[in-house]
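See structure below.
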């Protein structure tokens, strides 16, 4: 960090090309006391002279907001100044708030949306808000990032959804104006993002696996093959980094104050290559016989015996499980080299598995069980373009016609 830069809280993280990503980080003691956001990504270049003043200004502003919160805004759960910012901060620090009971990864996503809300219209008084304000904010939020680009409907709808949740909390906390605004949004209608329709196909997986092996990224090949063959979510295959609970020792695999958890380990495969695990999203139990997954078996044979301990998927460059977002970033590099279209995402492996199963004529309830869904309706949403059921219906109709004609 340049010694002449007046940017309190500024931290950097390296990119693969040698450049650095910039972040402002709140003081750890205030984060533990409830201050949010913990970190803010700064879209500036440390090596660009024109950006230095912008970096300093951003860090000084964020630092001042944090210090103000620590001395005045943190009056406890009863503090509320009647603004959206006040409601947002109360939502984040009140021990009775639903926010405090969210899983860490969901809380991180929520915090991102809350930051957008606070920056855009945090100073607005709740008493002055009307329905026109919400429609105007929605339209502004969904504008393309670049001229001619795609509208960001998911982003805009996410902001409205979070505002509804803030007002619902405000009702529970008996804060003024929240019931009125909740009722306003309850009757308002905003276009929702279209449901995803893309599914990864076997050809995509085979091309990806071959290219990953060529590039010596066996971990990416194995992770993708398991996701596609078993319909497990990415997180249930590669794991995640969780905050270490208070009063627990810093044991296990650690990275930046977090502990790796929930991913597959070699011990999960057991001697018979049958994987049994509780999934992270719902806790539903999944069981898969990898002996019936030829893509996976071929890749497992490439792993040396002395490496078959600990996490199943390891980042070859770091020698540990993939850091947050690194798996997806590295996956896309290999996918592009393999010719997999950019509109096909790693997460689409699950939909691809379910779609292929339905095309093969598998019973829908059996597919639901294999995917560890609790509701068949959820499984149906993951089946994207499958013709298995419609083909069976068509064949029955043809047989019925033939029987009638022969009668």
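Residues checked against (1) assigned by TED's automatic domain parsing to the domain that holds residue 285; (2) over 24 Å from residue 102 (Cβ atoms); (3) in contact with a helix residue (DSSP H, G or I) (Cβ under 9 Å, 6 or more places away or on another chain); (4) at pLDDT 85 or above:
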| site | (1), (2), (3), (4) |
| --- | --- |
| 211 | yes, yes, yes, yes |
| 217 | yes, yes, yes, yes |
| 223 | yes, yes, yes, yes |
| 234 | yes, no, yes, yes |
| 243 | yes, no, yes, no |
| 248 | yes, no, no, no |
| 251 | yes, yes, no, no |
| 266 | yes, yes, yes, yes |
| 269 | yes, yes, yes, yes |
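Is it fair to say residue 333 is at pLDDT 95 or above and part of a loop (DSSP other than H, G, I, E, B)?
No, not satisfied.
Among the helices (runs of 4 or more DSSP H) lying completely within segment 6-121, list those that include at least 3 residues that are in contact with a helix residue (DSSP H, G or I) (Cβ under 9 Å, 6 or more places away or on another chain) and closer than 23 Å to residue 172 by Cα.
Helices (runs of 4 or more DSSP H) meeting the threshold: 84-93, 104-121.
Can you find even one residue in segment 286-302 that is under 21 Å from the mean Cα position of the chain (by Cα) and assigned to a loop (DSSP other than H, G, I, E, B)?
The answer is no; no qualifying residue exists.
Go through (1) touching a strand residue (DSSP E or B) at 6+ places or on another chain (Cβ under 8 Å); (2) under 18 Å from residue 32 (Cβ atoms); (3) crowded, with 19+ Cβ neighbours inside 10 Å and name the single condition residue 104 misses.
Answer for residue 104: the failing condition is (3).
Quick one: which residue in 134, 190 is over 29 Å from residue 345 (Cα atoms), under 27 Å from the mean Cα position of the chain (by Cα) and in contact (Cβ under 8 Å) with a residue 12 or more places away in the chain?
134
In segment 143-160, which residues are touching a helix residue (DSSP H, G or I) at 6+ places or on another chain (Cβ under 8 Å) and either at positive phi or without any contact (Cβ under 8 Å) to a residue 40 or more places away in the chain (or both)?
Of everything in segment 143-160, those that are touching a helix residue (DSSP H, G or I) at 6+ places or on another chain (Cβ under 8 Å) and either at positive phi or without any contact (Cβ under 8 Å) to a residue 40 or more places away in the chain (or both) turn out to be 152, 155, 156, 157, 160.
Scan 353, 362, 403 and give me the residue that is in a helix (DSSP H, G or I) and free of Cβ contacts under 8 Å to residues at least 60 places away in the same chain.
Going through 353, 362, 403 in turn, just one is in a helix (DSSP H, G or I) and free of Cβ contacts under 8 Å to residues at least 60 places away in the same chain: 403.
Find all pairs meeting these conditions: Cβ atoms under 7 angstrom apart; at least six residues apart or on different chains; first residue within segment 283-311 and outside the structural domain of residue 322 (by TED's automatic domain parsing); second residue in a loop (DSSP other than H, G, I, E, B) and modelled with pLDDT of 90 or more.
Taking only residues 6 or more apart or on different chains, not a single pair turns up.
The values are calculated or read from the model by the stated rules, or taken from the named source; none is laboratory data. Every value quoted in this text rests on a predicted model; they were computed, and no experiment measured them. Neighbour counts are summed over all protein chains in view; Cβ atoms, including those assigned to glycine, are modelled from backbone coordinates with ideal geometry.
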